[in-house]
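S.K.: Handing you a structure now.
Every number in this text was worked out from the coordinates using simple rules, so none of it is lab data. Since we're looking at a predicted model, the values are computed, not measured. Using ideal geometry, Cβ is built from the backbone for each residue, glycine included, and neighbour counts are taken over all protein chains shown.
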Amino acid sequence: MSSIEKILIPAAEAAALLSMGKSTFWREVARGTLPEPIKIGGLTRWRVEDLKKFVQQQATEPTTA
């Protein structure tokens, strides 16, 4: 059985990938903090690559305390 790497995921999976709740995820999307979704045939999906880039950027930005 071959394993296919997903390139698009729904909100619930995107939130889980980022270790956050769904409501927090949607709030951050609305704020513009997280990448914009794409719409395909009435479905809302996020590019896994965009989410990975977001995490990478967050990891390299200095934190403000």
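S.K.: Mind checking the angle between helix 22-31 and the chain's longest principal axis? C-alpha axes, 0 to 90 degrees, to the nearest 10.
M.R.: In the chain, helix 22-31 runs at an angle near 70 degrees to the longest axis.
S.K.: A further question on this structure: Using 7 Å Cα-to-Cβ label points, what is the R31/S3 separation (nm, one decimal)?
M.R.: Between R31 and S3, the simple spin-label model gives 3.3 nm.
S.K.: Return the inverse of the average 1/r over all pairs of distinct C-alpha atoms in the chain, which is the Kirkwood hydrodynamic radius, in Å to one decimal.
M.R.: Over the chain, the inverse of the mean reciprocal pair distance is 12.8 Å.
S.K.: Then there's this: Quick one: helix 48-60 against the long Cα principal axis of the chain, what's the angle to the nearest 10°, folded into 0 to 90?
M.R.: The angle comes out at about 20 degrees.
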